[in-house]
């Protein structure tokens, strides 16, 4: 009995000459994977799959995947840059406090794991770098607001107040 060839198109455009497995393709062209046995059930099980989620830093978030509670929260979030910087600063301070508590808990163990403590300390350093960037960003926002407020509005208010006082007299 002669073994069949894979036949998948290779990078150079020629058919693959490797031996095909049971599904007709070689191991390099998906021959080992037979795919899910029940396609519809498999697609449903992958929807919102969070099995590999470790910390959420790289998680993709789409509006249609938000829960009702998250949608309400989404609309409550302020888009004011000053408020955002302030909130991030406060959250960073809380994050550092939690990390310091985790270090304290690790140190209280009979055999503290120095690698775990070092990893938390590295994370604290990253948060502190973010805080420094927030402080710089806040300084830029304050400078921009000072530049925008050139006094023209204050002058207009003063003119209006003078006009009112003339009409009331």
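The values are calculated or read from the model by the stated rules, or taken from the named source; none is laboratory data. Remember, it's a predicted structure, so these values are computed and weren't measured experimentally. Cβ sites come from the backbone with ideal geometry, for glycine too, and all protein chains shown count toward neighbours.
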Is it fair to say residue 61 is outside any helix (DSSP H, G or I), in contact with a helix residue (DSSP H, G or I) (Cβ under 9 Å, 6 or more places away or on another chain) and at pLDDT below 90? yes
Which numbered condition residue 88 misses (of (1) at pLDDT below 80; (2) surrounded by 11 or more Cβ atoms within 10 Å (Cβ to Cβ)): (1)
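Answer yes or no: is there a residue in segment 140-152 that is in a helix (DSSP H, G or I), at pLDDT below 90, over 25 Å from the mean Cα position of the chain (by Cα) and under 30 Å from residue 61 (Cβ atoms). Even if it seems obvious, please write down each step before you answer.
From segment 140-152, those in a helix (DSSP H, G or I) are 140-148, 152; that's our starting set.
Cutting the leftovers down to at pLDDT below 90 gives us 140-148, 152.
From what is left, the residues that are over 25 Å from the mean Cα position of the chain (by Cα) are 142-148, 152.
Retained after the next criterion (residues that are under 30 Å from residue 61 (Cβ atoms)): 144.
Scanning segment 140-152, I find at least one residue that is in a helix (DSSP H, G or I), at pLDDT below 90, over 25 Å from the mean Cα position of the chain (by Cα) and under 30 Å from residue 61 (Cβ atoms), so the answer is yes.
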